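Worksheet: the structure to be examined is printed underneath.
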Amino acid sequence: MGSEAPIYRRVLLKLSGDAFASPELGYGISPEATAGLARQLAEVTDHLQIQLAVVVGGGNIWRGRQAPLMDRSRADYMGMLATVMNALALQDALEQAGQMTRVQTAIHMAQIAEPYIPLRAIRHLEKGRVVIFAGGLGRPYFSTDTTAAQIALEVHADAILKGTKVDGIYDADPVAHPDAHKFETIEYTEVLTRGLEVMDATAISLCRDNRLSIVVFDLRQRGNIRRVVMGDPIGTLVAASQEEGSGHGE
């Protein structure tokens, strides 16, 4: 059973670009999918008073890794611009749901977003605004996973919530291997040693070195964001060993 009160005060939600795409097409921005996501986020901010930061990916619009003939830096910058489009779509959906928001970007674009300033972001969170971060870290060769870890640490989030298309971390692809084992909890080092595709190695290492917990869960199941922040036993917790102290819900 979960707790009667949220176990986190401030969280960073990492969303892949897939969260914005229609299930049928798998790409682009679906107004229906984005509105449904916004309703879930508004539920935890309005009813539970959770301070919510969001880092968005851009894979539903552009994946730089799939353009091997392109200059890598240029392809990555295009990916950063794709995350800005998703951030603005989410901002609009949240505002329509009655939730105050701010978008901050690592790339300067003053007409549509604030520059990324950690102290300003924290102030927005304290005022109950959802802060959406776009543009990655503003530098090529860094993923939005690494961006999520970096920003979570800078805004002093209690945990990273990673919404995915599966209900946790498995030792093999559960689609291809129906007997795959799901981890309820797993240590950062084991994730790195096994090469599990949770977040990239840089992001996992940042979280490990700073004892920042990660909860991986199925975003497609309505209400799961609320369940995670309430401490319900869903998904997989990535944290330090019990001897070191997990930091989960502290």
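The values are calculated or read from the model by the stated rules, or taken from the named source; none is laboratory data. Just so it is clear, the structure is predicted and the values come from calculations on it, not from any experiment. Note that each Cβ is placed from the backbone with ideal geometry, even for glycine, and that neighbours are counted across all protein chains shown. In case anyone asks, the SASA skips ligands and DNA or RNA and just uses the protein heavy atoms, side chains included. Shrake-Rupley method; radii C 1.70, N 1.55, O 1.52, S 1.80 Å.
Going through (1) of a type in the set (Ser, Thr, Tyr); (2) part of a helix (DSSP H, G or I); (3) open to solvent by 30 Å² or more (accessible area, probe 1.4 Å); (4) touching a Ser or Thr at 6+ places or on another chain (Cβ under 8 Å) one by one, Thr146 falls short only on (3). The sole residue among Ala106, Ala121, Ala87, Ala82 that is under 15 Å from the mean Cα position of the chain (by Cα) and of a type in the set (A, V, I, L, M, F, W, C) is Ala87.
Check the range 46-64 and report whether any residue there is farther than 18 Å from Phe20 by Cα and of a type in the set (Lys, Arg). There is no residue in the range 46-64 that is farther than 18 Å from Phe20 by Cα and of a type in the set (Lys, Arg).
Consider Ser205 carefully, then state whether it is among the hydroxyl-bearing types (Ser, Thr, Tyr), open to solvent by less than 70 Å² (accessible area, probe 1.4 Å) and out of contact with any His (no Cβ under 6 Å at 6 or more places or on another chain). Lay out the reasoning, then the answer.
Details: among the hydroxyl-bearing types (Ser, Thr, Tyr): yes; open to solvent by less than 70 Å² (accessible area, probe 1.4 Å): yes; out of contact with any His (no Cβ under 6 Å at 6 or more places or on another chain): yes.
In short, yes.
Among the residues of the range 159-171, is any closer than 26 Å to Glu43 by Cβ and touching a Pro at 6+ places or on another chain (Cβ under 8 Å)? There is at least one residue in the range 159-171 that is closer than 26 Å to Glu43 by Cβ and touching a Pro at 6+ places or on another chain (Cβ under 8 Å).
Against the numbered list (1) assigned to a loop (DSSP other than H, G, I, E, B); (2) open to solvent by 50 Å² or more (accessible area, probe 1.4 Å), Met109 comes up short only at (2).
Restricting attention to the range 97-104, does a residue exist that is closer than 23 Å to Ala19 by Cα and β-branched (Val, Ile, Thr)? Yes - at least one qualifying residue is present in the range 97-104.
Restricting attention to the range 156-207, the residues that are assigned to a strand (DSSP E or B) and either more than 21 Å from the chain's Cα centre (by Cα) or under 18 Å from Phe142 (Cβ atoms) (or both) add up to 2. Taking the criterion of being farther than 19 Å from Ser16 by Cα, modelled with pLDDT of 95 or more and hydroxyl-bearing (Ser, Thr, Tyr), the only residue of the range 199-250 that qualifies is Ser205. Residues of the range 92-106 that are outside any loop (DSSP other than H, G, I, E, B), touching a Leu at 6+ places or on another chain (Cβ under 9 Å) and of a type in the set (S, T, N, Q): Thr101 alone.
Taking each residue of the range 115-127 that is closer than 14 Å to Gln150 by Cβ and looking for partners that are open to solvent by 50 Å² or more (accessible area, probe 1.4 Å) and not aromatic (Phe, Trp, Tyr) with beta-carbon atoms closer than 6 Å, six or more apart or interchain, yields Pro118/Glu154.
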